[in-house]
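*Asks:* Would you mind keeping the following structure in view while I ask a few things?
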Amino acid sequence: MHSFFESNLHIAEYAPFGLIIAIVIFTAIGWSIGLYRLKKYGEGGAVIRDSLAAAIFGLSALVLGFTFSGSASRYVDRMDAIRVQAQALQEIYSSLKYLSPSDQIVVKKSLDDLLDVRLTAYQNLKTMSDIDTGAAKIMAATRKIQEDVTQATLNASSENKAFATGLLAPQVSNLVTVFASGVIDTKSHPPSLLLRFLFALLCIGAFLIGYTMVLKNETDWLLASLYTLLIGASIYVILSLELPNLLMPYEEVNRDLLLLKDAVK
């Protein structure tokens, strides 16, 4: 993402409005240039090639569709990661019975801490650095659980040691893996070059709309306005899929983790 955007994630919800303003400006520029060429060269000298305009609009639709598809795929991966994380935590909570009572308290506290950190790590994001900071806290919490369980397994009674070693240890290893995978999914975003290219194509398309309406004398502000609103809504959806913790309802995104927290209270 663009460095300015990375440093100001909180403006993401306003980005579609900025794009709408840019589209309106470029439409007005296209309209003005079309009028100028029409007055200077007349109807016979100022023409527009439909094939070229269609090619540009087609390219814009292709890039927009590709960006949306990638964002939707990453969103699904993030939601699946949350469900897997909740399941991994639930399994360890259920296996605490194989530890000594004192170790159960220690490990449960570490699990509670990880759950709380995961639920708060990506709240109130301001910059991309906040995501990195939250990810670091999550990985530190998983490391703490790994250390506590390793020590607790050594302290397990003889009748429970086999269960602690054979069940609990692999579950903790899986926990570390799924949380590390979730961190990577959270950090994954489309390349900034693709987003800048998409923005440029949409602005060029807006320019062609204004330019074409003048040269063809087919003014239709209703469809032009509808196009502008749909583009703004599309960008908002893409940003919401890329930053669900920022632009989507907190309870919807973290539903499985919140249910787990209520269950283990």
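The values are calculated or read from the model by the stated rules, or taken from the named source; none is laboratory data. These numbers were taken from a predicted model, which means no experiment stands behind them. Glycine also receives a Cβ, built like all others from the backbone with ideal geometry; neighbour counts cover every protein chain displayed. Ligands, DNA and RNA are stripped out before the accessible areas are found, and what is left, the full protein with its side chains, is counted by its heavy atoms. Shrake-Rupley method; radii C 1.70, N 1.55, O 1.52, S 1.80 Å.
*Asks:* Rounded to the nearest 10 degrees, what's the angle between the helix 192-215 long axis and the longest principal axis of the chain, both from Cα atoms, 0 to 90?
*Replies:* Once rounded, the angle reads 30 degrees.
*Asks:* What angle, in degrees between 0 and 90 and rounded to the nearest 10, separates the Cα long axis of helix 15-45 from the longest principal axis of the Cα atoms of the chain?
*Replies:* 20 degrees
*Asks:* Short version: ³J(HN,Hα) in whole Hz for each residue of region 217-233, in order, from phi by Karplus 6.51 cos²θ - 1.76 cosθ + 1.60 (θ = phi - 60°), x for Gly and Pro, what are they?
*Replies:* Karplus values, whole Hz, x for Gly and Pro: 6, 10, 6, 9, 6, 5, 5, 5, 5, 5, 4, 4, 5, 5, 5, x, 5.
*Asks:* Before rounding to the nearest 500, sum -39500 (n - 2.57) across all DSSP H runs of length at least 4 in the chain and divide by the residue total; then give [θ] at 222 nm in deg cm²/dmol.
*Replies:* Values: 12 runs with 218 residues, N = 265.
It comes out at -28000 deg cm²/dmol, rounded to the nearest 500.
*Asks:* Same structure again: State the dimensionless ratio Rg/Rh of the chain (Rg: radius of gyration of Cα atoms; Rh: Kirkwood radius). Numbers along the way, then the final one.
*Replies:* Details: Rg = 26.5 Å, Rh = 21.8 Å.
Answer for the chain: 1.22.
*Asks:* While we're looking at this one, here's another question. What accessible area per residue, rounded to a whole number of Å², is obtained for the chain using a probe radius of 1.4 Å?
*Replies:* Details: 13950 Å² over 265 residues.
I get 53 Å² per residue for the chain.
*Asks:* Applying a 10 Å radius around every beta-carbon, put 104-113, 220-229 in order of their mean neighbour count, most first.
*Replies:* Values: 104-113: 17.2, 220-229: 13.3.
The peptides rank, most packed first, as 104-113, 220-229.
*Asks:* Let me ask another. Going by alpha carbons, how many degrees (0 to 90, nearest 10) lie between the helix axis of 128-155 and the longest principal axis of the chain?
*Replies:* 20 degrees
*Asks:* Would you be so kind as to identify which of 247, 128, 105 lies farthest towards the positive end of the dipole of the chain, taking Lys and Arg as +1 and Asp and Glu as -1 on Cβ and the Cα centre as origin?
*Replies:* Going by the charge dipole, the pick is 128.
*Asks:* Rounded to the nearest 20 debye, what is the charge dipole size of the chain about its Cα centre when +1 sits on each Lys and Arg Cβ and -1 on each Asp and Glu Cβ?
*Replies:* 480 debye
*Asks:* For the chain, give the percent of accessible area contributed by carbon and sulfur heavy atoms, probe 1.4 Å, rounded to a whole number.
*Replies:* Working: 8850 of 13950 Å².
Percent of accessible area from carbon and sulfur atoms in the chain: 63.
*Asks:* I would also like to ask the following. Output wanted: per-residue J couplings in Hz (rounded whole) for region 244-259, from phi through Karplus 6.51 cos²θ - 1.76 cosθ + 1.60, θ = phi - 60°, x for Gly and Pro.
*Replies:* For region 244-259, the Karplus curve yields x, 5, 9, 10, 10, x, 4, 5, 6, 5, 9, 4, 5, 5, 5, 5 Hz.
*Asks:* What's the center-to-center distance, using Cα atoms, between region 89-165 and region 181-211 in Å?
*Replies:* That distance is 38 Å.
*Asks:* Just tell me which lysines come within less than 30 Å, Cα to Cα, of residue 109; anything on the same chain fewer than 8 places away is out.
*Replies:* Filter leaves 97, 126, 137, 144, 161, 187, 261, 265.
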